Amino acid sequence: MNYVIIGNSAAAVGTIAGIREFDSTGSITVISDEKYHTYSRPLISYWLQGKISDKNIMYRPADFYEKNGVTPILGKRVTKIDAENKAVVLDDGLSVPYDKLMVATGSKPFVPPMNGLDKVHYYTFMSYDSAKAIRAEAKDGMRVLIIGAGLIGLKAAEALSAYNAKITVVDMADRILPSILDVRAGVKMQKHIENQGVRFILGTSAEELSEHSAKLKNGVTVDFDMLIIAVGVRPNTELIADAGGKVDRGVITDLTQKTTLDDVYAAGDCTVSYDASSDTNKILALLPNAYMQGEVAGRNMAGREFNYVNAIPMNAIGFFGLHIITAGSYDGEEYVDEDENNYKKLVFRDNTLKGFILMGDVKRAGIYTSMIKERIDLGEVDVELMKKAPQMMMFGKARRLDKLGGISK
């Protein structure tokens, strides 16, 4: 069997693992437009901050390709999937045949149209190369304008604080991290980050950019030495779409991760997933989701039958020492408990836990996540204990035995 994987991040690594579970001899070729050994994108901020080295940013050991019988083709871009002849075409004209193809092309930074953008040098913050470019230009005490108060923008702010930068973050939303935090949690995190010297200007956007300044729509002008645009991402779906595969925001797959093209699979940030917590289809641009999708796809590519189910949004991240874990959806009845340093929100619907936000004290978040994925009925749980201190004792005896590896009757 001849397997080809487009992409070299979490979904690709999961695919390799899934294939090798059941096929130890098939040929695997990994093609990536980046020139690096597989690395962890979430770690680029820590690399920029100086907390980890080039070696530590790698997602797998240096001998990963060799040990798994993988032929990497790095620094080459796939320009076309020839689905009829079962081959992919590279930017140098080389054609690489496949029996089974994985498309794990991830996402790209979204840069919205802004007046004057063509006159300004700016950075994005999604790749090793972008982090290297920023570090090459970073200077002590520089003025940095970051457009975007989401996960990527705030990790860039945290990293650049190591350079004693004067950082201003602008976002159209009324709060920071709007994709994962509610208003109360957003205010708490904003105050924490502001205490580290970061300035926020929310509810507005850039009206006009010039070489070293941005005039905002609220009339404020922000001067900068470095501009970073981090307003969001868009799935890389062009290869599938151009080959005739079904795309709706992201690549459409079935539960085996197969696309609408014969023998072509997709996984990771470029795909649409079923969110079990909200009963909706959406882009779940999350590293664990990408890996697990890839692993399931790899098993199916190797001839077995597996489905990817129970995907939910999950984030585990921290900013300036304050940690957050979130999961699921926030549509339902809420329980909130907070103090000066911690915030907990649990969301219930249909007599099950559907989502949560933990900030500060994030211990035992895995119990909550398991409850969401397994749709555990609250009738089986000591709800008051679950709210205050999640632990195995909150479940009934049968479920405790099952969880702990016993036999429930």
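Quick notes
- Correct option for Cα extents along the principal axes in Å [calculated from the coordinates] among (1) 64, 55, 40; (2) 67, 52, 44; (3) 62, 59, 37: (3)
- ³J(HN,Hα), Karplus 6.51/-1.76/1.60, whole Hz, each residue of segment 346-361, x for Gly, Pro: 10, 10, 10, 7, 6, 6, 9, 7, 10, x, 7, 10, 10, 10, x, 7
- Looking at the chain, the accessible area is 46 square angstrom per residue; that uses a 1.4 Å probe and ignores ligands, DNA and RNA.
- Working note: Karplus 6.51/-1.76/1.60 with θ = phi - 60° gives segment 222-239 the couplings 10, 8, 8, 9, 9, 10, 10, 9, 9, 8, x, 10, 10, x, 8, 10, 4, 4 Hz, where Gly and Pro are set to x.
- Oblate is the label for segment 7-86, because the ratio a/c of its alpha-carbon gyration tensor axes (a ≥ b ≥ c) is 1.5 or higher and a/b is not greater than b/c.
- Longest exposed-site-free window of the chain, the sites being GluC sites (Glu not before Pro) in a DSSP loop that have at most 10 other C-beta atoms within 10 Å: 85-210
- Using a probe radius of 1.4 angstrom, the carbon and sulfur fraction of the accessible surface of the chain is 48%.
- Straight Cα distances below 16 angstrom link Lys35 to the lysines Lys55, Lys76, Lys132, with same-chain residues fewer than 8 positions distant left out.
- For segment 56-63, backbone phi angles converted through the Karplus equation (6.51, -1.76, 1.60; θ = phi - 60°) give residue-by-residue couplings of 6, 7, 5, 7, 9, x, 4, 8 Hz, Gly and Pro being listed as x.
- Dipole-positive endmost among Met301, Pro390, Gly318 within segment 295-395 (Cβ charges, Cα centre): Met301
- Distance from segment 75-89 to segment 354-384 (C-alpha centre basis), Å: 44 Å
- Cα centroid of segment 94-112 to Cα centroid of segment 243-304, whole Å: 13 Å
- Total charge dipole magnitude, the chain, about the Cα centre, Cβ charges on Lys, Arg, Asp, Glu only, Debye to nearest 20: 840 debye
- Label separation (Ser95 vs Ser27): 1.5 nm, computed from points 7 Å beyond Cα along the C-beta direction.
- A cut-off of 5 Å between modelled amide H atoms, ignoring neighbours fewer than 5 places along the same chain, links Ile5 with Thr29, Val30, Ile31, Met102.
The values are calculated or read from the model by the stated rules, or taken from the named source; none is laboratory data. Bear in mind that the values here come from a model prediction, so they are computed numbers and not experimental data. Heads up, the Cβs are rebuilt from the backbone with ideal geometry, glycines too, and the neighbour counts pull from every protein chain shown. Heavy atoms of the whole protein, side chains included, go into the accessibility calculation; ligands, DNA and RNA do not. Shrake-Rupley method; radii C 1.70, N 1.55, O 1.52, S 1.80 Å.
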